[in-house]
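To start, the structure itself, in structure tokens.
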Amino acid sequence: MSDHKIKEMLHTIDKQATPKSISSGELLSNVYQQSSRQKKRRKNLSLAALLVFASSIGLLWIDQVRQTNKIVRESKTIEQLRYEISLLTQELNLTQQKVDEMLLAQRHKDRMNHLNAELESRVDPLLIIKQQDEETAETIYAQAKRKFNELNLKQSAIEDYIQVIHLFPDTPAADKARKELNDVETDQKGVFDEKKIQYSDFS
């Protein structure tokens, strides 16, 4: 390599290694560009912060809307429950009213049945009197028959038979007393006729 070429190469290297001088205009331009880039970055950061803030507000608003909708739904549910409870209460009152009416009707029916049973269980006073008359007549007849057959008190027995016939004419004892008298034979009559003897004669 010749000396001329070596010098050119060194000159070229020196030119590349030497810093290029910057004019004041270029320096001002560079400063302005850096300032613009910083402002732009700050603007972008502010915008990003605003977006984050807006997003947070939006999320809060959405959450608030959801809470409001939930409250509204719960309120509607409560109102629906109140309405259903009101209907159930009305149905319960109607059912209770029907039950009360049925119970009242049943009590009235039971009362009537009880009264009818009492009426049926009561004995007719006339029947009681008739029964007592029959018992008394039967007692007198039994005594008269004993007097006549066992004690040989025939006249007293005849008087007792007549008492049975006059006092208790419609009793079985009176019928038996008539038969006993018809079987009695006296000295004057073959058949005893109690119709001709007055009850006052033996009272």
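Only the coordinates and a few stated rules stand behind these numbers; no lab work does. Keep in mind that what you see is a predicted model, and the values were worked out from it rather than measured. So basically every Cβ, Gly included, is an ideal-geometry build from the backbone, and we count neighbours across all protein chains shown.
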* Structure fact -> Note: residue 156 to residue 175 extended length (0.36 nm per residue) minus current alpha-carbon separation gives 5.0 nm
* Structure fact -> Cβ density ranking, 10 Å radius, fewest first, applied to 184, 65 yields 65, 184
* Could you tell me the largest-minus-smallest coordinate of the C-alpha atoms of segment 66-122 on each of the three principal axes, in descending order and whole angstroms? => 82, 10, 5
* To do: Any chance you could tell me what percent of the C-alpha pair distances in segment 70-159 go past 20 Å?
  => 72
